[in-house]
Amino acid sequence: MKMPGAAARLLVGLRGRTMRSVATLLAGAAAGQLITLITVPLLTRIFSPEVFGEAGTLLAVASVVMPVAGLCLPLAIVLATDDDEARALGRLSLAISAVLAAVITLGMAFWAALADAPWGMSSGLLMFIPLLMCLATAVSVLEQWAHRRSCYTASAKVSVGKSLIGNGGKVLGGLMAPVSMTLVLMTAVAEAVAAMLYLGWLRGSVTPDRTTPLKWWALVVKYRQFPLFRAPQVLVSCLSLAVPVLLLGVWYEPAIVGFFVLARSVVAAPSMLLGKAIGDVIYPRLARAAQEGLPLLPLQFKAVTLLGVVGLLPLIPILLAAPLIFGLLFGEPWQMAGEHARWMALWFYLTLVGVPCISSMPVLQIQRLHLTYTCFTAVIRVGLMYWACAIAQLDSSTSVALYCISGALLNAGLMVWILLLSAHRDRLMA
């Protein structure tokens, strides 16, 4: 057990390094977000709401499988005992994603042969899903390796490069072909660029490992909480985000899906980027504090308080004047997206504030409980959305409001629950 004085000294040191690391990642995230904000008004004038809706439906489906293509084993790279084990985890993650992508490719080909346009999309669009899976896993592996080596500058540069190529390509491609294929293709190109940038900046530190498949199985057993609990939890969480897009596509016209997708991308992007920057930095810090037998609650509380204050800056104007803002920025036809954005702002605000708590769940080894909680919340939120769309046949704004308000309340409950668990853990360690 470390003495209180040692704990205080470590926390002070962590605070300085943590703030510099967060500032580095936030600089890259802010620059990437600025590029997005500049290009989105152009995109909404190039692509119609219907095109946004079709591309959004495909990307919603892809977003379900992309984060779990490697069974969340890339997240264990930060926790690996040494660099050799970390490299082996990365190689194992890539192998798993390749196998899953091949299986899904066969499934998509079979499904496309039976249905002319599954989910209203062409088979050509569906075939992007396996590609996006492999690219997302490669980016995740390289990103976690960069964080293990504290190469936060590389992550910041990748954020800028990915946003510049992805958004710039959508604008230029849309001028030539304003169709959904352009939006999906440039999303894949952006992921590929991110992987190449990571490889360029991390060259020399990412070397092949000599791990055999037998040792791979030992790694799966050692880090089994990630494939057994974290991957299903992420899958269910992504499903709860994707299903509303699909339900809106079934029960309302395609333009409504476009409004929802635009509102979510605009409102979610700042909170997701800020939350990711905080989470990427605080996760290794929390893991280190746990290994040293130090309290977790002070680190969590400081991060939660900071995010709570910072998150109010975009929340207030969106609540007060989102339809007017969306109409001015994206064109009058997109004012309805502003109505959706009002409700989403509450949901993503509490999502942002809870990031430090979510980041501590692997450290607290409560991923099984996280899976249970995520399944519970997904059933509630998707059930409410289905009831509003299919049974009560409410208008789209009311359906979206129910979905977002329920998400905000459930996120708040999860945050309080994790903080209480951390406080209990710290009392036992004292």
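Structure notes:
- The separation of the stretch 128-157 from the stretch 68-112, counted between C-alpha centres, amounts to 12 Å.
- Taking θ as phi - 60° and the Karplus parameters 6.51, -1.76 and 1.60, the scalar couplings of the stretch 31-38 work out to 5, x, 5, 4, 4, 4, 4, 6 Hz in sequence order, x denoting glycine and proline.
- Stretching the chain fully between Leu313 and Glu253 yields a gain of 18.3 nm (0.36 nm per residue, less the alpha carbon separation).
- With a Förster radius of 35 Å applied to the beta-carbon distance between Val221 and Leu329, the computed FRET efficiency rounds to 0.10.
- Karplus (6.51, -1.76, 1.60) ³J(HN,Hα), θ = phi - 60°, over the stretch 351-362, in Hz, Gly and Pro reported as x: 5, 5, 4, x, 4, x, 6, 4, 5, 7, 5, x
- MRE, 222 nm, helices only [DSSP H, n ≥ 4, -39500 (n - 2.57), over the chain, to nearest 500]: -28000 deg cm²/dmol
- Charge dipole magnitude, Cβ of K and R +1, D and E -1 - the chain, Cα centre, debye nearest 20: 1620
- For the peptides 27-35, 55-63, the ranking by mean Cβ contacts within 10 Å, running from highest to lowest, is 55-63, 27-35.
- Among Leu410, Gly53, Val179 - extreme Cα towards positive end, dipole of the chain, charges at beta-carbon: Leu410
- Using a probe of 1.4 Å on the protein chains alone, the accessible area found for Lys302 is around 100 Å².
- Sequence-separation-based contact order of the chain, relative, with Cα cut under 8 Å and 6+ spacing, percent: 22
- Helix 312-330 and the longest principal axis of the Cα set of the chain meet at an angle near 30°.
- Zone residues, the stretch 397-423, relative to Trp387, backbone N less than 12 Å from point 7 Å out along Cα-to-Cβ: 402-403, 406
- Straight-distance candidates among the lysines for linking to Lys162, with alpha-carbon spacing under 28 Å and chain neighbours fewer than 8 residues away dropped: Lys170, Lys276.
- Here the Karplus relation 6.51 cos²θ - 1.76 cosθ + 1.60, evaluated at θ = phi - 60°, turns the backbone of the stretch 73-82 into coupling constants of 5, x, 5, 7, 4, 5, 8, 4, 5, 8 Hz, with x for every Gly and Pro.
- Degrees between helix 367-386 axis and first principal axis of the chain (Cα, 0 to 90, nearest 10): 20
- For Ile366, residues with placed amide H under 5 Å, excluding near neighbours: none
- The chain: angle of helix 213-222 to the longest principal axis, Cα-based, in degrees nearest 10: 80
The values are calculated or read from the model by the stated rules, or taken from the named source; none is laboratory data. This one's a predicted model, so the numbers in the text were calculated from it and none came from an experiment. For neighbour counting, all protein chains shown are included, and Cβ atoms are generated from backbone atoms with ideal geometry for every residue, glycine included. Heads up: the accessible areas ignore ligands, DNA and RNA and are worked out on the full protein's heavy atoms, side chains in. Shrake-Rupley method; radii C 1.70, N 1.55, O 1.52, S 1.80 Å.
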